[in-house]
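What follows is a short report on a single structure.
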Amino acid sequence: MKRYLLLAAFAAAVSFGCVREAAPDLAACDSFARALPVWAEGRETEKNLTLSFREVIDTRATNDALIRIAASTDYRLRVNGRFVAHGPSVAAHDFYRVDCYDLSGCLRRGRNVVAIEVAGYNEPNYYLLDQPSFLQAEVEIGGEIVAATGSEFAAYDLKQRRADVPRFSIQRSFTERYALDPSFDDWARQADWQAVEAVALAEQPAKALLPRRVAYPDYRVHDAVEQGGGIYKFECNSSGFLGMRVKVEEPALLRVSFDELLGADGHVHIERLGCQAYVIYELAAGEYDLESFEPYTMQFAEAVVESGKCTIERMYMRDYCNADVWRGTFSSDNAELDRLFETARETHRQSSLDIFMDTPSRERAGWLCDSYFSARVAFDLSGHAKMERNFIENFLLPERFKDIDEGMLPMCYPSDHRDKNYIPNWAMWFVIELEEYLARSGDRETIDRARKRVYDLINYFEPYLNEDGLLEKLDKWVFIEWSAANSFVQDVNYPSNMLYAGMLDVASRLYGDEALAERAARVRDEIRRQAYDGRFFCDNALRGEDGELTRTDNHTEVCQYYAFFFDVATPESYPELWARLRDEFGPARKKSGAYPDVPFANAFIGTYLRLELLSREGLSRQILDESIAEYLIMADLTGTLWENLPESTDFMASCNHGFAAHIVRVLYRDVLGVYEVSPVEKRVTLRFADCGLERCEGSIPVGDESIDLKWTMKAGRLEGRLSLPEGYTCDLLPAQGIEVDIEVK
């Protein structure tokens, strides 16, 4: 979605709700002055119970007002019926982040209704943890606590949301179904409302509280366009709360289904992602302003009146997206590249709210490996690593992860893994990411806190090492990427061992452990000896009944990328293989049909590893061409980037996937020419190549400042201007085939 359209929509958001960003001095809020955690007595583990908390505050002061909130599981805050916020920011098991909102622009003189809906799901999932329900909240005006749970705030069980409904997906909690009449919202709007008896509240055990730390969401509102036949379309994939204005002439049953794509028959097919992707309303006659409680992702919504008679007068989305993404800019004389950048930004904006989600639709989970790529983008667009700190901190907080084997890390977190499943490979990516996080943040304290987790993980793998020092018969879900490579993961999987060597090397550098580096070198040597067949690296070897290990003939494209990415191979040590990959693989092979015995790589993660390898060799023009060839179709169809390449999934996977926003890093590094930013050393490294552009410029935030670069290319000569943050220095790497003249300010 174009930025100017989003900014225009923001005006609508201001008039449609009370959207307030937290003041800077509230950012570190992690405690309460008077509020206690409370819930309906004896019902804190009841499934899918929604309570409506409210307090009427009579005040003449409307400035210097704030509210602090912590909750399990989900809450929605409104003041005088107007939307303020949704939360909370996710945290590890038994920890809860505190949100603080400035209410100065929301209160009016006199009586004000502060209303907080809280859904207690008590259902294991990959988004909101299965933990006892509670709300802890207090309102402060002029430095005085005027309302707090435990003394003020009554709660009501209005039974408007049905509890006996299916789950949205196996990764998320329940679908939404409501039974409403036109007075359904009076409790949140009218100071003198008293329609039902309040429930008895009981104080809950004290909670371990944490600061939110990351930016508060972007709640701007934008409308869908009616396409006819009950179909509504947003300009691009959008993530947030689906809203409607509805006029009901006769009692009606209204179902609204949604998805990122339409089926070939022009209708929404919710089974595409395997989700119960709909909201249902049972409505008495009257007029309604409706808005979903849970966030969803969609480009299309399909409204069906299953009985009765009603008219939808408006369909809109209230975004629930990352607000800290707008400072980074990129533009060039290639409109397709510019569109890829904005598509990548939109993907990251929706997929990185308070942690790095893989997709904002079916699960909203914080997956490792995905986070390695997403964390780079977060830094490039925000100029800091606050979200990454939260993401890593969540993995460090629990004493242990009770649902998986000792020493292992969850494949995604915060999440419940009652099936005991995990991805051993993804735990290794956690260590790989730590090194880059340290370079981005300088946060040595977090790295030291992670030491036990890292060494426990290394110890976890010890029983799986065979006589050659390679991992063999790894347990649970051994995952390489979404391709045929996942069929070749036993008994000795060479890509897993390539990643293992990379993990050992990183741990060696982080903690000064030379023995780990020596082990990594031995692993690489053994992979070279066993896996390379003279043409390609093979994916796996099998243990025969005679006890002998035999290399298979399985060799996938992504296996080759793992080999080069984790330094098992280099262009110098395997020049023929590298030339083959460089010149004959990628998008070109899909046309030529070369090497039909080598299964294709997929977007997650093979083609993105390929871009990393091309970047190491400075092949900027090839990177530009391949990025347009592989990803522009995604921008055209959904305005976001996808989990898989279209031809590999027949459009049956997520079309809004966080890791894919890594195109932002690719464009900054390999096209604009800002090769590396080292905030700890206060150094910027530039590298330029002739990528076929005549003009390019961009701004990359660093802390409160930015790196601003603009250049033009003519007749093999690049001329530009670079503006650096205070105290930064600049290095210029050699350029091949062009002259470079950069003025540094």
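Scan the stretch 173-186 and tell me whether some residue there is among the β-branched types (Val, Ile, Thr), open to solvent by less than 60 Å² (accessible area, probe 1.4 Å) and either free of Cβ contacts under 8 Å to residues at least 24 places away in the same chain or over 24 Å from TYR101 (Cβ atoms) (or both). Among the residues of the stretch 173-186, at least one is among the β-branched types (Val, Ile, Thr), open to solvent by less than 60 Å² (accessible area, probe 1.4 Å) and either free of Cβ contacts under 8 Å to residues at least 24 places away in the same chain or over 24 Å from TYR101 (Cβ atoms) (or both), which makes the answer yes.
For the stretch 21-124, the strands (runs of 3 or more DSSP E) that sit wholly inside it and include 2 or more residues that are touching a strand residue (DSSP E or B) at 6+ places or on another chain (Cβ under 8 Å) and open to solvent by 10 Å² or more (accessible area, probe 1.4 Å) are 49-59, 65-72, 74-79, 95-102, 110-120. Look at the stretch 473-496: where a residue is under 22 Å from THR607 (Cβ atoms) and a partner is assigned to a strand (DSSP E or B), sitting 6+ places away or on another chain with Cβ atoms under 7 Å, you get VAL478/ASN493; PHE488/ASN540; VAL489/ASN540; ASN493/ASN540; TYR494/PHE537; TYR494/ASN540; SER496/LEU471. On inspection, VAL165 fails the criterion of being part of a loop (DSSP other than H, G, I, E, B), on the phi < 0 side of the Ramachandran plot and modelled with pLDDT under 95.
Applying a threshold of 9 Å to beta carbon distances and a minimum spacing of six or more residues, or different chains, the list of pairs starting in the stretch 295-321 at a residue that is among the small types (Gly, Ala, Ser) and modelled with pLDDT of 95 or more and ending at one that is buried (at least 22 other Cβ atoms within 10 Å of the Cβ) and not in a strand (DSSP E or B) reads ALA301/ALA224; ALA301/VAL268.
Checked against the criterion of being touching a strand residue (DSSP E or B) at 6+ places or on another chain (Cβ under 7 Å), within 24 Å of TYR216 (Cα to Cα), open to solvent by 10 Å² or more (accessible area, probe 1.4 Å) and of a type in the set (Gly, Ala, Ser), the candidates ALA323, ALA303 yield just one match: ALA323.
Residue-wise test of (1) within 20 Å of GLY544 (Cα to Cα); (2) open to solvent by 20 Å² or more (accessible area, probe 1.4 Å); (3) of a type in the set (S, T, N, Q); (4) touching a Phe, Trp or Tyr at 6+ places or on another chain (Cβ under 9 Å).
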| position | (1), (2), (3), (4) |
| --- | --- |
| LEU438 | no, yes, no, no |
| GLY442 | no, yes, no, no |
| GLU445 | no, yes, no, no |
| LYS452 | no, yes, no, no |
| LEU457 | no, no, no, yes |
| ASP468 | yes, yes, no, no |
| LYS473 | yes, yes, no, yes |
| TRP482 | no, yes, no, yes |
| GLN490 | yes, yes, yes, no |
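Evaluate the stretch 498-515: report whether one residue or more is closer than 16 Å to LEU465 by Cβ, of a type in the set (Lys, Arg), in contact with a helix residue (DSSP H, G or I) (Cβ under 9 Å, 6 or more places away or on another chain) and at pLDDT 95 or above. Within the stretch 498-515 (the criterion being closer than 16 Å to LEU465 by Cβ, of a type in the set (Lys, Arg), in contact with a helix residue (DSSP H, G or I) (Cβ under 9 Å, 6 or more places away or on another chain) and at pLDDT 95 or above), the answer is no, since none of the residues qualifies.
Considering only the stretch 359-371, I want to know if a residue exists there that is open to solvent by 30 Å² or more (accessible area, probe 1.4 Å) and either more than 25 Å from LEU242 (Cα to Cα) or in contact with a Gly (Cβ under 8 Å, 6 or more places away or on another chain) (or both).
Narrowing the stretch 359-371 to residues open to solvent by 30 Å² or more (accessible area, probe 1.4 Å): 362.
So of that shortlist, the ones also either more than 25 Å from LEU242 (Cα to Cα) or in contact with a Gly (Cβ under 8 Å, 6 or more places away or on another chain) (or both) come out as 362.
Within the stretch 359-371 (the criterion being open to solvent by 30 Å² or more (accessible area, probe 1.4 Å) and either more than 25 Å from LEU242 (Cα to Cα) or in contact with a Gly (Cβ under 8 Å, 6 or more places away or on another chain) (or both)), the answer is yes, since at least one residue qualifies.
Does ALA603 count as of a type in the set (Gly, Ala, Ser), under 35 Å from the mean Cα position of the chain (by Cα), within 26 Å of TRP482 (Cβ to Cβ) and open to solvent by less than 50 Å² (accessible area, probe 1.4 Å)?
Values: of a type in the set (Gly, Ala, Ser): yes; under 35 Å from the mean Cα position of the chain (by Cα): yes; within 26 Å of TRP482 (Cβ to Cβ): yes; open to solvent by less than 50 Å² (accessible area, probe 1.4 Å): yes.
For ALA603, the condition - of a type in the set (Gly, Ala, Ser), under 35 Å from the mean Cα position of the chain (by Cα), within 26 Å of TRP482 (Cβ to Cβ) and open to solvent by less than 50 Å² (accessible area, probe 1.4 Å) - is met.
Considering only residues in the stretch 658-683 that are in a helix (DSSP H, G or I) and over 21 Å from SER239 (Cβ atoms), the one that is most open to solvent (accessible area, probe 1.4 Å) turns out to be ARG665.
Answer yes if at least one residue in the stretch 510-528 is surrounded by 15 or more Cβ atoms within 10 Å (Cβ to Cβ) and part of a loop (DSSP other than H, G, I, E, B), and no otherwise. Scanning the stretch 510-528 turns up at least one residue that is surrounded by 15 or more Cβ atoms within 10 Å (Cβ to Cβ) and part of a loop (DSSP other than H, G, I, E, B). Per the listing VAL196, VAL279, VAL256, the residue uniquely assigned to a strand (DSSP E or B), free of Cβ contacts under 8 Å to residues at least 60 places away in the same chain and closer than 29 Å to VAL79 by Cα is VAL256. Restricting attention to the stretch 548-573, the residues that are part of a loop (DSSP other than H, G, I, E, B) and in contact (Cβ under 8 Å) with a residue 60 or more places away in the chain total 6. Among the residues of this structure, ILE423 counts as one that is crowded, with 21+ Cβ neighbours inside 10 Å, touching a Lys or Arg at 6+ places or on another chain (Cβ under 8 Å) and over 30 Å from VAL702 (Cβ atoms). What about ILE700, is it surrounded by 16 or more Cβ atoms within 10 Å (Cβ to Cβ), within 27 Å of the chain's Cα centre (by Cα) and either polar (S, T, N, Q) or closer than 20 Å to GLN350 by Cα (or both)? Taking the combined requirement at face value, the residue satisfies it. Return the pairs, sorted by first residue and then second, in which the second residue is part of a helix (DSSP H, G or I) and open to solvent by 30 Å² or more (accessible area, probe 1.4 Å), the first residue lies in the stretch 583-599 and is farther than 19 Å from ARG621 by Cβ and in contact (Cβ under 8 Å) with a residue 40 or more places away in the chain, the beta carbons are less than 6 Å apart, and the residues are 6+ apart or on different chains. What qualifies is PRO599/ALA484.
Would you check if SER351 is open to solvent by less than 30 Å² (accessible area, probe 1.4 Å), of a type outside the set (A, V, I, L, M, F, W, C) and over 18 Å from the mean Cα position of the chain (by Cα)? It is false that SER351 is open to solvent by less than 30 Å² (accessible area, probe 1.4 Å), of a type outside the set (A, V, I, L, M, F, W, C) and over 18 Å from the mean Cα position of the chain (by Cα).
Sort through PRO734, PRO725 and tell me the only one that's free of Cβ contacts under 8 Å to residues at least 60 places away in the same chain and either assigned to a strand (DSSP E or B) or farther than 25 Å from ARG327 by Cα (or both). Lay out the reasoning, then the answer.
Details: PRO725 fails: either assigned to a strand (DSSP E or B) or farther than 25 Å from ARG327 by Cα (or both).
Residue meeting the stated conditions: PRO734.
The values are calculated or read from the model by the stated rules, or taken from the named source; none is laboratory data. These figures come from a predicted structure and were not determined experimentally. So basically every Cβ, Gly included, is an ideal-geometry build from the backbone, and we count neighbours across all protein chains shown. Side chains included, ligands, DNA and RNA excluded: accessible areas come from the protein's heavy atoms. Shrake-Rupley method; radii C 1.70, N 1.55, O 1.52, S 1.80 Å.
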